[in-house]
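Engineer: Take a look at the following structure, please.
The values are calculated or read from the model by the stated rules, or taken from the named source; none is laboratory data. Given the structure is predicted, the values throughout are model-derived calculations rather than measurements. Just so you know, the surface numbers come from the protein's heavy atoms only, side chains and all, with ligands and any DNA or RNA stripped out. Shrake-Rupley method; radii C 1.70, N 1.55, O 1.52, S 1.80 Å.
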Amino acid sequence: MSVRTTYQITGMTCGHCVNAVTAELTALPGVHEVEVDLAAGRAVVTSDAVLPIDEVRNAVDEAGYELAGVDA
(Lines give C-alpha, C1' and ligand atoms only; values in the text may rest on other atoms or scores of the structure.)
Protein backbone atom coordinates (compact mmCIF):
# COMPACT_ATOMS: atom_id res chain seq x y z
CA MET A 1 0.00 0.00 0.00
CA SER A 2 1.34 3.42 -0.94
CA VAL A 3 1.06 6.59 1.14
CA ARG A 4 0.61 10.04 -0.45
CA THR A 5 1.69 12.97 1.69
CA THR A 6 1.65 16.67 0.79
CA TYR A 7 4.46 18.84 2.13
CA GLN A 8 4.38 22.64 2.10
CA ILE A 9 7.76 24.03 1.00
CA THR A 10 8.83 27.67 1.05
CA GLY A 11 11.50 29.37 -1.03
CA MET A 12 10.94 27.67 -4.39
CA THR A 13 10.85 30.17 -7.27
CA CYS A 14 11.82 28.38 -10.50
CA GLY A 15 12.30 25.14 -12.38
CA HIS A 16 15.72 24.60 -10.81
CA CYS A 17 14.03 24.69 -7.40
CA VAL A 18 11.55 22.04 -8.51
CA ASN A 19 14.37 19.83 -9.81
CA ALA A 20 16.43 20.20 -6.63
CA VAL A 21 13.52 19.36 -4.32
CA THR A 22 12.41 16.47 -6.54
CA ALA A 23 15.92 14.98 -6.59
CA GLU A 24 16.37 15.18 -2.81
CA LEU A 25 12.94 13.77 -1.96
CA THR A 26 13.20 11.01 -4.58
CA ALA A 27 16.47 9.87 -2.96
CA LEU A 28 14.71 9.07 0.34
CA PRO A 29 14.22 5.33 0.99
CA GLY A 30 10.77 4.06 -0.01
CA VAL A 31 9.83 7.04 -2.19
CA HIS A 32 8.20 6.07 -5.51
CA GLU A 33 7.08 9.41 -6.91
CA VAL A 34 7.45 13.12 -6.22
CA GLU A 35 5.21 15.78 -7.78
CA VAL A 36 6.26 19.36 -7.06
CA ASP A 37 3.76 22.18 -7.64
CA LEU A 38 5.86 25.34 -7.85
CA ALA A 39 2.91 27.76 -7.87
CA ALA A 40 1.33 26.19 -4.79
CA GLY A 41 4.64 25.69 -2.99
CA ARG A 42 4.09 22.04 -2.26
CA ALA A 43 5.34 18.57 -3.02
CA VAL A 44 3.21 15.43 -3.09
CA VAL A 45 5.29 12.38 -2.21
CA THR A 46 4.17 8.80 -2.81
CA SER A 47 6.05 6.33 -0.61
CA ASP A 48 5.85 2.84 0.89
CA ALA A 49 5.06 4.25 4.33
CA VAL A 50 4.83 7.54 6.17
CA LEU A 51 8.28 9.16 5.99
CA PRO A 52 10.00 10.37 9.15
CA ILE A 53 9.50 14.15 9.21
CA ASP A 54 13.15 14.74 10.11
CA GLU A 55 14.27 12.91 6.95
CA VAL A 56 11.91 14.97 4.79
CA ARG A 57 13.01 18.22 6.49
CA ASN A 58 16.68 17.32 5.96
CA ALA A 59 16.09 16.51 2.28
CA VAL A 60 14.28 19.82 1.70
CA ASP A 61 17.02 21.68 3.62
CA GLU A 62 19.67 19.95 1.52
CA ALA A 63 17.92 21.22 -1.61
CA GLY A 64 18.10 24.73 -0.15
CA TYR A 65 14.48 25.27 0.87
CA GLU A 66 12.34 25.10 4.01
CA LEU A 67 9.70 22.58 4.99
CA ALA A 68 6.78 24.71 6.16
CA GLY A 69 4.21 22.05 6.97
CA VAL A 70 2.62 18.70 6.24
CA ASP A 71 -0.89 17.84 5.02
CA ALA A 72 -1.50 14.12 5.54
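Engineer: Please determine, in degrees from 0 to 90 and to the nearest 10, the orientation of helix 53-63 with respect to the longest principal axis defined by the Cα atoms of the chain, where the helix direction is its Cα long axis.
Structural biologist: The answer is roughly 30 degrees.
Engineer: 5 Å is the cut-off here: which amide hydrogens, built 1.01 Å from N in the peptide plane, fall below it relative to Glu66, excluding neighbours closer than 5 in sequence?
Structural biologist: Residues meeting the criterion, in which the H sits 1.01 Å from N, are Thr10.
Engineer: Give the ranking of Val21, Val36, Val50 by solvent-accessible surface, highest area first, calculated with a 1.4 Å probe.
Structural biologist: Result of the area sort, largest leading: Val50, Val36, Val21.
Engineer: Related question: When a/c reaches 1.5 or more, the comparison of a/b and b/c decides; with that in mind, is the range 33-72 rounded, prolate or oblate per its Cα gyration tensor? Display every interim value, and only then the final one.
Structural biologist: Working: a/c = 1.61, a/b = 1.10, b/c = 1.46.
Oblate is the answer for the range 33-72, as a/c is 1.5 or above yet b/c matches or exceeds a/b.
Engineer: If each residue of separation counts as 0.36 nm, what is the full-extension length gain between Glu66 and Ala27 once their alpha-carbon separation is subtracted?
Structural biologist: Stretched out fully, the Glu66 to Ala27 stretch lengthens by 12.3 nm.
Engineer: Nearest 10 degrees, 0 to 90: what angle lies between the long axis of helix 15-26 and the longest principal axis of the chain (Cα atoms)?
Structural biologist: 20 degrees
Engineer: Heads up, I need the accessible area for Leu25: 1.4 angstrom probe, whole protein in place, Å², nearest 10.
Structural biologist: 0 Å²
Engineer: Let me check I have the definition right: for the chain, take the eigenvalues of the Cα gyration tensor, multiply each by 5, take square roots. What are those semi-axes in whole Å, largest first?
Structural biologist: After diagonalising the Cα gyration tensor, the semi-axes are 18, 12, 11 Å.
Engineer: While we're on this one: What 222 nm value per residue comes from the helices of the chain, counting each DSSP H run with n ≥ 4 as -39,500 (n - 2.57) and dividing by all residues, nearest 500 deg cm²/dmol?
Structural biologist: Details: 2 runs with 23 residues, N = 72.
When only DSSP H runs of four or more count, the value is -10000 deg cm²/dmol.
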